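First the structure, in the form of structure tokens, and then the observations on it.
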Amino acid sequence: MNDASAALHTSYREAAREGLRAALAADPRVFLMGEDVGRYGGCYAVTKGLLQEFGPERVRDTPLSESAFVGAGIGAAIGGLRPIVEIMTVNFSLLALDQILNNAATLCHMSGGQVSVPVVIRMATGAGRQLAAQHSHSLEGWYAHIPGLRVIAPATLDDARFMLAAALACPDPVLLFEHIVLYNMEGELTAGLQAVDIDHAAVRRAGRDLTLVTYGGSLPKCLAAANMLGRDGIEAEVLDLRTLRPLDDAAIMDSVRRTHRVVVVDEGWRSGSLAAEVTTRIVEQAFYELDAPVARVCSAEVPIPYPKHLEDAALPSPERIVKIARELLARGGNG
Amino acid sequence: MSAISRERGLAALREMLRIRCFEDRCVQLYGELKIRGFLHLCNGEEAVAVGTLGALEMSDAVVSTYREHGHALARGLAMGPVMAELYGKHSGTSGGRGGSMHIFDAARRFYGGNAIVGGGLPLAVGLALAQKLQRQPAITACLFGDGAVAEGEFHESLNLAALWRLPVLFLCENNRYAMGSAIDLVESQTDIAAKASAYRLLSRPVDGMDVFAVADAAREAAAHVRAGNGPAFLELRTYRFRGHSMFDAQLYRDKAEIEAWQKKGPIITLTTQLKGLGLMSEDDYQRLEHDARAEVQAAVEFAERAEWEPLEQLERFVYAERTQ
């Protein structure tokens, strides 16, 4: 490792922290609040050190009252600040669902455009750490159902570092989901990169034989699956949605037109999932491009279990993605 | 309490009569199907609206509930656009998109019109946090009913506001019924001011039928909050003369109870008081009532003339249309 790459070497956790630090340094209107974000350093250690650097006025430990501090973030945004609210995990966000849906998502429309809510709400999501059925769910698809919200899911180091700034620049409420298995992911940031958007999906691996459409914690699994397929000469394209609402339909359909086969990989439950929405859009907009029915790899329809072998079996895995991809390639069309 | 002058007395009565006439006309318009949806009227609670809103500065923020016509009018929103909002017309205060329960006016810092019981309290805490962090001299007034006291958001918000010493003036409009549930059927402690004081903030009960008692208490509490002493809480004890909404058959309370409270109503009490003190003649009263009715009539005509929003605009305002 040379000096330049050493400077770019980081983890997802550190990249997210650097994004927070840069946001706090860049704009005095920005502040951070949530449970244990200060003295404890954040339950996933993302905010460690920020209290010491920016002080208790801008890095605020809150009581365990999700509805009050999420609502306070919404109110502070209306009042002229740019709050970043951290909720420990998406399961806890249900305690603040009233504020997120009935206020953040609704006030702009209900007031005839008079009030906008530029708040960013960060939360951890997903399974893989044996945290059982109240700390492991992937409910971002629920939030992506709601008009008025923007929902983003950084899955790479670059996005972990830079999506926050784009979210803060947006005048609408943005929900930012960080998958818990990504925090320890290490690698290098793209040299010279200064900013990313929160509007477009990104092709993370080009391919001609099929497309794996995914986001968040399932991206590394799809890339692993694509490598496994590649050893057999099957070239899978991997499309990272990045933004779950609004969906980048154009990028999805472009990929479908290139590969004509699609597997949607989503850690949410299959029924009524984001994967269902993506699939339906493909059927609506690019049906005649398909050489085979769209396939899905989702979580088993159970609350996430504690023991490792059961948790692993409940979640999408590279092996399952490969299996479904092979089945898809075996079906009809030109393949 | 400050001495009552003719000027102060007539001003308070004028404001309360505007609200009463507005609400009474709404009943008629609802019957004519001009106003639809849920309609919650504040007859009997006019002293709370006039006394509390009158104690604020225009730089202060206000968060209200779905029973907010009186609050909006007392805040200075023009009656025509408020009525147009109830009609759902484009020139309504929220462009017609909110209706009776969601009156907004960002210019007057009137932030709804919140129809989730308790949902406005966290919002008010956040507005106050913004005021404090930006070193503004302004405060946030948060109006809610006794029903909100049973919600978790009430307790979370009082705790957070007191903990962070935020400039929130909590105004609990206790009309004794959460929809059809009498307060003693839903609260273990019916003394709401006492309950609030557990959060270590200035808290006191007020006769919500006495407009000057409300105004004086609100002014004192607002000054306390504005001086940086943290939040204050007023329990304004009042009564709702009409049903919860227009669908309410009022099976849960006796007519005798309503009649007893009507005798203690804020408008009749003040009228009797001013006449008794020789500060107001019957002619004065008739003129105030006439003026209020004329203003309401003009508001109805404004709403009748107003346009419907074009269908092509259905999906506007889901996201912000201006950059910040």
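The values are calculated or read from the model by the stated rules, or taken from the named source; none is laboratory data. Remember, predicted model here, so these are calculated numbers, not experimental data. Note: ideal-geometry Cβ built from the backbone for every residue, glycine included; neighbour counts use all protein chains shown.
I'd like to verify a number: residues in segment B:119-133 that are more than 7 Å from every other protein chain (Cβ to nearest Cβ), buried (at least 24 other Cβ atoms within 10 Å of the Cβ) and not hydrophobic (A, V, I, L, M, F, W, C), how many? Total satisfying the criteria: 1. Please work out which residue is farthest from the other protein chains (Cβ to nearest Cβ), limiting yourself to segment A:8-43 and to residues that are without any contact (Cβ under 8 Å) to a residue 24 or more places away in the chain and part of a loop (DSSP other than H, G, I, E, B). Once the filter is applied, the top-ranked residue is A:G41.
Which one of B:A115, B:A61, B:A106, B:A55 is surrounded by fewer than 23 Cβ atoms within 10 Å (Cβ to Cβ), over 22 Å from B:E307 (Cβ atoms), within 13 Å of chain A (Cβ to nearest Cβ) and at pLDDT 95 or above? Quick ask: steps written out before the conclusion?
On the way: B:A61 fails: surrounded by fewer than 23 Cβ atoms within 10 Å (Cβ to Cβ); B:A106 fails: over 22 Å from B:E307 (Cβ atoms); B:A55 fails: within 13 Å of chain A (Cβ to nearest Cβ).
Of B:A115, B:A61, B:A106, B:A55, the one residue that is surrounded by fewer than 23 Cβ atoms within 10 Å (Cβ to Cβ), over 22 Å from B:E307 (Cβ atoms), within 13 Å of chain A (Cβ to nearest Cβ) and at pLDDT 95 or above is B:A115.
Can you give me the number of residues within segment B:78-89 that are out of contact with any Leu (no Cβ under 7 Å at 6 or more places or on another chain) and more than 12 Å from chain A (Cβ to nearest Cβ)?
Filtering segment B:78-89 down to residues out of contact with any Leu (no Cβ under 7 Å at 6 or more places or on another chain) leaves B:78, B:80-81, B:83-89.
Filter again for more than 12 Å from chain A (Cβ to nearest Cβ), leaving B:78, B:80, B:83, B:86-87.
Residues meeting the conditions: 5.
Select, from B:Q313, B:Q273, the only residue that is more than 18 Å from B:I4 (Cα to Cα) and among the polar types (S, T, N, Q).
Numbers: B:Q273 fails: more than 18 Å from B:I4 (Cα to Cα).
The conditions single out B:Q313.
On the stretch given as segment A:187-243, residues that are under 18 Å from the mean Cα position of the chain (by Cα) and over 29 Å from A:L175 (Cβ atoms) total 0.
Looking at segment B:66-73, is at least one residue over 21 Å from B:V27 (Cα atoms) and not in a helix (DSSP H, G or I)?
Looking only at segment B:66-73, we keep the residues that are over 21 Å from B:V27 (Cα atoms), and these are none.
No, segment B:66-73 contains no residue that is over 21 Å from B:V27 (Cα atoms) and not in a helix (DSSP H, G or I).
Just checking, how many residues over segment A:217-265 are small (G, A, S), farther than 20 Å from A:D197 by Cα, touching a residue at least 60 places away in the same chain (Cβ under 8 Å) and in contact with a strand residue (DSSP E or B) (Cβ under 7 Å, 6 or more places away or on another chain)? Selection size over segment A:217-265: 3.
The residues in segment B:170-185 that are more than 14 Å from chain A (Cβ to nearest Cβ) and within 19 Å of the chain's Cα centre (by Cα) can be counted, and the count is 9.
Taken residue by residue, segment B:34-44 has no member that is surrounded by 23 or more Cβ atoms within 10 Å (Cβ to Cβ), among the polar types (S, T, N, Q) and either modelled with pLDDT of 95 or more or under 13 Å from the mean Cα position of the chain (by Cα) (or both).
Of the helices (runs of 4 or more DSSP H) entirely within segment A:255-333, those holding at least 1 residues that are touching a helix residue (DSSP H, G or I) at 6+ places or on another chain (Cβ under 8 Å) occupy A:274-286, A:318-329.
Among the residues of segment A:265-304 satisfying the criterion of being in contact with a Cys (Cβ under 8 Å, 6 or more places away or on another chain) and within 15 Å of A:L244 (Cα to Cα), which is surrounded by the most Cβ atoms within 10 Å (Cβ to Cβ)? So, considering only residues that are in contact with a Cys (Cβ under 8 Å, 6 or more places away or on another chain) and within 15 Å of A:L244 (Cα to Cα), the one surrounded by the most Cβ atoms within 10 Å (Cβ to Cβ) is A:E267. Applying the set (1) small (G, A, S); (2) assigned to a loop (DSSP other than H, G, I, E, B); (3) more than 12 Å from chain A (Cβ to nearest Cβ) to B:G92 leaves exactly one unmet item: (3).
Of the listed requirements (1) closer than 25 Å to A:G216 by Cα; (2) surrounded by fewer than 23 Cβ atoms within 10 Å (Cβ to Cβ); (3) modelled with pLDDT of 95 or more, A:V37 misses just one: (2).
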